[in-house]
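S.K.: One structure coming up, written as structure tokens, with questions to follow.
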């Protein structure tokens with residue numbers, strides 16, 4: 001019981017373990033308070049430095065973003081200009097090809113007409129232009145060198161089918177009005193026959 005009282009007594013007079021714990025706690029609090037003040041001041045200084053560094057970093061980042069945006073815009077404009085140039089060149093090429101095709105068609109028509117009319121005149125057609133219009137020229141081909149092939153065959157077929165388009169032997173032209181004359185005088189033209197009939 002004495003031990004119990006001793007323990008109680010120690011605890012009661014404050015010289016025991018509880019008293020020492022309280023005094024150690026007070027010292028810790030004072031140390032923590034002192035360190036907190038130093039740490040707070042250091043933390044504020046560190047915060048100020050961090051804020052300054054952050055402002056600098058943000059300014060640099062904003063500057064880099066502006067530069068990047070400017071570079072991207074310039075690159076896009078260059079790509080658009082290049083694409084536009086490409087499209088312009090493609091359009092010019094298409095127009096040139098179309099003009100060439102039209103010119104080739106005109107040249108081919110001239111070559112074909114010239115070849116047919118020359119061959120028709122040599123073959124003895126009365127009117128070479130008519131022969132050109134009536135001849136079936138589907139089998140006629142124009143080579144890359146400008147030579148026309150198949151004209152004679154087309155004109156022979158035309159002469160066989162329409163022999164009246166050819167000149168008569170001896171140079172005399174056929175009388176195309178021979179079958180149309182009625183009771184009129186020989187050699188009378190259609191106009192004269194019409195005038196005589198209606199009394200004009």
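S.K.: What pairs come out if I take residues in segment 151-162 that are farther than 20 Å from residue 110 by Cα and pair them with residues that are exposed (fewer than 14 other Cβ atoms within 10 Å of the Cβ) and modelled with pLDDT under 90 whose C-beta lies under 7 Å away, six or more apart or interchain?
M.R.: Sorted first by the residue in segment 151-162, then by its partner, the pairs are 157/136.
S.K.: Do we have any residue at all in segment 80-87 that's part of a helix (DSSP H, G or I), in contact (Cβ under 8 Å) with a residue 40 or more places away in the chain and surrounded by 10 or more Cβ atoms within 10 Å (Cβ to Cβ)?
M.R.: no
S.K.: Filter segment 91-121 down to the residues that are within 12 Å of the chain's Cα centre (by Cα) and modelled with pLDDT of 90 or more and list them by number.
M.R.: The one that is within 12 Å of the chain's Cα centre (by Cα) and modelled with pLDDT of 90 or more: 94.
S.K.: Can you name every residue in segment 134-166 that is at pLDDT 85 or above and at positive phi?
M.R.: Scanning segment 134-166 gives a single hit, 150.
The values are calculated or read from the model by the stated rules, or taken from the named source; none is laboratory data. Quantities reported herein were computed from a predicted structural model and do not represent experimental measurements. Positions of Cβ are backbone-derived with ideal geometry, glycine not excepted, and every protein chain shown enters the neighbour counts.
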